[in-house]
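Visitor: Got a structure for you, written out below as structure tokens; questions coming shortly.
The values are calculated or read from the model by the stated rules, or taken from the named source; none is laboratory data. Quick caveat: nothing in here was measured; it's all calculated off a predicted structure. Here the Cβ positions follow ideal geometry from the backbone for every residue, glycine too, while neighbour counts run over all protein chains shown. All accessible areas refer to the heavy atoms of the entire protein, side chains included, with ligands and DNA or RNA removed. Shrake-Rupley method; radii C 1.70, N 1.55, O 1.52, S 1.80 Å.
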Amino acid sequence: MAQTSHGVGGLTYDAKKRPWPAEFNVLLALVILVGLFELIGRIFLGDSFLFNTRPNVDAIFNEQRLQIIILQVSIVGIIAIGVTQVIICGGIDLSSGSVVGATAMIAMSFAQVATVNGNPNPKAMFLAYGWTDLPVIVPLFVAVACGLIAGLVNGLLIAYTRIPPFIATLGMMVTARGIAKWWSKGEPISFPTEGFAAIGKGLMPVIIFISLAILFQLILTYTKYGKHCYAIGSNEDAARMSGIKIANHKVLVYVIAGILASLAAVVLCSKNLTAQSGMGVMYELDAIAMAVIGGVSLSGGRGSIIGTVIGSLIFGVIISGFTFLRLDAYYQEMVKGVIIVGAVVLDQWRQRRRAIGA
């Protein structure tokens, strides 16, 4: 790495040139991707990906497309915030998508109305018990409890039985999906109260996503919790010798990830006004991909919520861009797979360079 010599009071010293933040590289990739879709659209479609081309609309940018992009990624982005912390801490979480499905089914059953068009709600699971038209705080509490339990089981298994995170969370993934299917015997659960439906209305998912991203970026940057996450992910043995309670911290990280997955479930079923057992399928892989694309190292110890947010936007741009170019959905899956592998290869290359430089 380049060095420069400076003199201060007759003394000289060398200062290493500081590299760009990893988030800057991810942001640059996002800009290039948007520019690529814009260029292809102009050349082959005679249309703009980013800018408004309708003569009867005064707006410069295509605001509808921008809103769709961020709405598409906001729910999985909430999961990715929790997954980012797990990966920084040196773990992995494969259960978040199934936790979304199970939580959506259970929480929605406590958010149903008693009557629909003047008739008893045919989908109300607890109508006979009078557990309908409940305050919105009830299904929210139930959802958080579901995520907390799932995260607690994951954390306890990983921290105290030394089961590899891959196996522990894989077991939770299968179990939670089974609970989602068993809860209503596979039947969808619909007709929520107005208060519950308002959670996912309009741009509320985006507001929730951005608020949580800001909160946890500040937590990871300025609190002891964040410093311990990076310390454990970088070198667990050194973190243990420095007095960090590794097991307790891992449990806390997985509990937070579980709660964030449950909040994503609430937003998802509220937005769709229904809950189905198949909700959240593959969400865990998309969340991991968002984090990795955003610069989070799968080896642990590096990454940020800001990078994950930008990584989620890259996902949204890819989905919207392929729709804009009128390409079939399976091409999106192919490209996402290539991007995920490419991001991991790039991370490994950066680690080798860092090791050689050290």
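Visitor: When the accessible area of region 53-187 is computed with all protein chains present and a 1.4 Å probe, what percentage of it is carbon and sulfur?
Guide: On the way: 4310 of 6370 Å².
Its accessible area is 68 percent carbon and sulfur atoms.
Visitor: Can I ask one more? Compute the Rg/Rh shape ratio of region 249-358: radius of gyration over Kirkwood radius, all on alpha-carbon atoms.
Guide: Values: Rg = 16.4 Å, Rh = 15.9 Å.
Computed over Cα atoms, the ratio is 1.03.
Visitor: Could you let me know the centre-to-centre spacing of region 137-211 and region 212-284, using Cα atoms, in angstrom?
Guide: For region 137-211 versus region 212-284, the Cα centre distance is 13 Å.
Visitor: May I pose another question? Checking the cross-link filter: which lysines have an alpha carbon closer than 26 Å to that of LYS336, excluding same-chain neighbours under 8 positions apart?
Guide: LYS271
Visitor: While we're on this one: Could you report the accessible area of THR175 in Å², rounded to 10, computed with a 1.4 Å probe on the protein chains as they sit in the structure?
Guide: Its heavy atoms expose roughly 80 Å² to the probe.
Visitor: Report in % the part of the accessible area of region 226-358 that belongs to carbon and sulfur, leaving out ligands and nucleic acids; probe 1.4 Å.
Guide: Using a 1.4 Å probe with all protein chains present, region 226-358 comes out at 64 percent carbon and sulfur.
Visitor: May I ask for the angle, rounded to the nearest 10°, between helix 305-324 and the longest principal axis of the chain, with both axes built from Cα atoms and the value confined to 0 to 90°?
Guide: Orientation of helix 305-324: about 70 degrees from the principal axis.
Visitor: For region 132-267, what are the per-bin percents of Cα-Cα distances with bins 5 Å wide, up to the bin holding the maximum?
Guide: Calculated over all Cα pairs of region 132-267, the distribution is 2, 9, 14, 18, 18, 16, 11, 7, 4, 2, 0 percent.
Visitor: Which is the longest run of the chain containing none of the trypsin sites (Lys or Arg not before Pro) found in DSSP loop states (not H, G, I, E, B) with at most 15 other C-beta atoms within 10 Å?
Guide: In the chain, the maximal stretch lacking such sites is 18-161.
Visitor: Where does helix 246-272 land angle-wise versus the long Cα axis of the chain, in degrees 0 to 90, nearest 10?
Guide: The angle comes out at about 50 degrees.
Visitor: Could you list the chymotrypsin sites (Phe, Trp or Tyr not before Pro) in region 54-136 that lie in coil according to DSSP, counting only those with at most 14 other Cβ atoms within 10 Å of their Cβ?
Guide: Hits after loop and neighbour filter: PHE126.
Visitor: Give me the net charge of THR169's neighbourhood, meaning all other residues with Cβ under 9 Å from the Cβ of THR169; Lys, Arg count +1, Asp, Glu -1.
Guide: That works out to -2.
Visitor: With +1 on each Lys and Arg Cβ and -1 on each Asp and Glu Cβ, how big is the dipole of the chain about its Cα centre, in debye rounded to the nearest 20? Kindly include the intermediate steps, with their values, before the conclusion.
Guide: On the way: 25 positive and 17 negative charges, 172 e Å.
Taking the Cα centre of the chain as origin, the dipole is about 820 debye.
Visitor: Give the accessible surface of region 92-192 per residue, rounded to a whole number of Å², with probe radius 1.4 Å and ligands, DNA and RNA excluded.
Guide: Details: 4820 Å² over 101 residues.
Value returned for region 92-192: 48 Å² of accessible area per residue.
Visitor: Angle, helix 137-160 long axis vs. longest principal axis of the chain, Cα atoms, 0 to 90°, nearest 10?
Guide: Here the helix axis deviates by roughly 50 degrees.
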